[in-house]
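Novice: One structure, pasted below without further comment.
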Amino acid sequence: MTNHPQIKICGLTDVEQAVKCAELGANAIGLVFYPRSPRNVSEAQARDISAELPENVRTVGVFVDESFSNIMRKAEHCNLGAVQLHGHETPAFVRQLRNEDIPVIKGLFTTRPPFLEDAPNFKASAFLAECGKGVLPGGNAMTWNWGDAKKFGEAYPLILAGGLSPENVAQAISESQPDAVDVSSGVEASPGQKNIAKAEAFIRAVCGCRMEKKARTIF
């Protein structure tokens with residue numbers, strides 16, 4: 001099969017860069033609502049970005065151990081198409097959000113909880129898998145054995161993240177066969193500021209990949 005994984009570019013803070021990534025072929029734009037992150041955005045920034053994106057590009061709000069009320073407020077005010085939970089959120093918390101008809105992506109890890117093996121406890125729309133090492137809850141630009149996620153992706157909708165770049169994403173896709181890939185620092189000039197040439201190279205590399213299976217639609 002010649003289909004390729006969907007593409008999420010995360011950690012956008014600039015409207016023009018977000019629109020350009022969408023024009024180049026990104027299926028989703030990630031907006032980080034985590035004050036400790038250098039890619040943290042205000043609600044005003046998020047609203048401005050969401051307002052300029054085409055309807056077929058989903059905005060995903062990324063949250064870390066945030067309250068239900070704050071997530072719901074940001075989802076409504078910023079026109080989020082999905083939420084990504086990247087902390088220690090419980091299965092009950094995921095269900096609470098799903099009951100509001102919001103697609104929920106749950107981050108799972110290979111080196112710390114919640115682990116990939118915990119997926120059956122969560123009724124998420126999809127799962128983002130990465131190693132979980134580093135200072136921040138995200139990938140921290142660390143590569144890992146992406147093939148560890150392949151079997152997981154046979155059972156669950158899989159978004160692969162962690163250390164991806166234009167140079168290695170084809171290898172990562174070959175090893176893990178994900179339904180989508182998620183990149184942030186791998187296409188940046190500085191935290192929160194994307195290098196559009198790198199983003200274009202990343203998207204081109206993904207679109208050139210050959211999948212062994214038909215990728216699920218996540219975004």
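Novice: List the residue pairs whose Cβ atoms are under 6 Å apart, where the first residue sits in the range 173-202 and is within 19 Å of Thr59 (Cβ to Cβ) and crowded, with 20+ Cβ neighbours inside 10 Å, the second is at pLDDT 95 or above and among the acidic types (Asp, Glu), and the two are 6 or more positions apart or on different chains.
Specialist: Lys194/Glu188
Novice: I would also like to ask the following. Let me spell it out: the conditions are (1) closer than 23 Å to Ala161 by Cβ; (2) of a type in the set (A, V, I, L, M); (3) out of contact with any helix residue (DSSP H, G or I) (no Cβ under 6 Å at 6 or more places or on another chain), and Ile49 meets all of them except one. Which number is the exception?
Specialist: (3)
Novice: Could you look through the range 110-126, keep only residues that are over 17 Å from Trp144 (Cβ atoms) and under 18 Å from the mean Cα position of the chain (by Cα), and pick out the one that is modelled with the lowest pLDDT?
Specialist: Lys123
Novice: How about the range 119-219: which strands (runs of 3 or more DSSP E) wholly inside it have at least 1 residues that are small (Gly, Ala, Ser) and in contact with a Ser or Thr (Cβ under 8 Å, 6 or more places away or on another chain)? Steps first, answer last, please.
Specialist: Numbers: elements: 126-130, 158-160, 180-183, 188-190.
Result: 126-130.
Novice: Please verify whether the range 17-29 includes one or more residues that are surrounded by fewer than 19 Cβ atoms within 10 Å (Cβ to Cβ) and in contact with a Pro (Cβ under 7 Å, 6 or more places away or on another chain).
Specialist: No, because not a single residue in the range 17-29 is surrounded by fewer than 19 Cβ atoms within 10 Å (Cβ to Cβ) and in contact with a Pro (Cβ under 7 Å, 6 or more places away or on another chain).
Novice: Could you list, ordered by first residue, the pairs with Cβ atoms under 8 Å in which the first is in the range 98-113 and within 18 Å of Val62 (Cα to Cα) and the second is assigned to a strand (DSSP E or B) and among the polar types (S, T, N, Q), at least 6 apart or interchain?
Specialist: Val104/Gln84; Ile105/Gln84; Lys106/Gln84; Gly107/Gln84
Novice: Filter the range 189-203 down to the residues that are over 15 Å from the mean Cα position of the chain (by Cα), closer than 20 Å to Thr143 by Cβ and not small (Gly, Ala, Ser) and list them by number.
Specialist: Listed by number, the residues that qualify are Pro191, Lys194, Asn195, Lys198.
The values are calculated or read from the model by the stated rules, or taken from the named source; none is laboratory data. Just so you know, these numbers come straight off a predicted model, no measurement behind them. Reconstructed Cβ throughout: ideal geometry from the backbone, glycine too, with neighbour counts over all protein chains shown.
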